[in-house]
Amino acid sequence: MLRGIRALGQVDPQTVEQACGIYAASAALFAYSGISFDVSARLLPLSRQLARNLRDELGYRTMAFLHHYLRGDWSDQHIIPDELLDEGLRYGVFWEINTYLGLDCERRICQGRFTEARGLIARIARIGDEYGYDFVRGNEYFMTAYLHLEERNLAAARDALERYYADRTE
């Protein structure tokens, strides 16, 4: 990853097809690892400038949401509009959308916004049901368990966790 960032610094990033994703993923790496939120914050605008298509835009917005989420800014200011998510689904941008929805769902559960979290869990499940993208099941099952746990419904949380672990192959 760092080699990729260094290489982008030596060429015009506009000439690199995946430059937006490299900068966005690098920003996420610096934020997620806790190495430097400042470096992450400097990389995100570069990623945004290099967004050329829907996949780039959703990749950038997902990593920007992750940056703010990890930094502790849990405001609604950084949510991705539903229209953009819907368009992304039509074009198969599943990983980015699943990642974003899982983080947003966890944020809303932690904020006590349980009804909204249920809506996000249902949306995650629909991605698996309608598009056959079964990778979403981990988010669906775990967020369901977490929601039940926060609601103090321990039996339902245990059942959801059993489903989560039964679905895990690693």
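A few points about this structure:
- Mean Cα-pair separation over length for the chain, i.e. relative contact order, pairs under 8 Å, 6 or more apart, %: 13
- Net dipole in debye of the chain [+1 Lys, Arg Cβ; -1 Asp, Glu Cβ; about Cα centre; nearest 20]: 420
- Phi to ³J(HN,Hα) by Karplus 6.51 cos²θ - 1.76 cosθ + 1.60 over the stretch 149-166, Hz, x for Gly, Pro: 4, 5, 7, 6, 9, 5, 5, 5, 5, 4, 4, 5, 5, 4, 5, 4, 5, 5
- Charge dipole (the stretch 18-170, unit charges on Cβ, about Cα centre) - positive-most of A160, L101, I124: L101
- For the chain, the per residue solvent-accessible surface stands at 55 Å², with DNA, RNA and ligands left out and a 1.4 Å probe.
- Counting every pair of alpha carbons in the chain, the share spaced more than 22 Å apart comes to 48 percent.
- Extension gain for Y165 to R52 (0.36 nm times residue separation, less C-alpha to C-alpha distance): 36.8 nm.
- Helix 37-49 vs. the chain, principal-axis angle (Cα, 0 to 90°, nearest 10): 70
- Expressed as a whole percent, the accessible area of the stretch 56-170 that falls on carbon and sulfur atoms is 50 (1.4 Å probe).
- Where trypsin sites (Lys or Arg not before Pro) fall in DSSP loop in the stretch 120-154, at most 10 other Cβ within 10 Å: R152
- The per residue volume of the convex hull around the alpha-carbon atoms of the stretch 88-162 is 72 Å³.
The values are calculated or read from the model by the stated rules, or taken from the named source; none is laboratory data. If you're wondering where the values come from, they're calculated on a predicted model, not measured in any experiment. Ideal geometry is used to build each Cβ from the backbone, glycine not excepted, and the neighbour counts take in all protein chains shown. When the accessible area is computed, the model is the full protein with side chains, heavy atoms only, and any ligands, DNA or RNA have been set aside. Shrake-Rupley method; radii C 1.70, N 1.55, O 1.52, S 1.80 Å.
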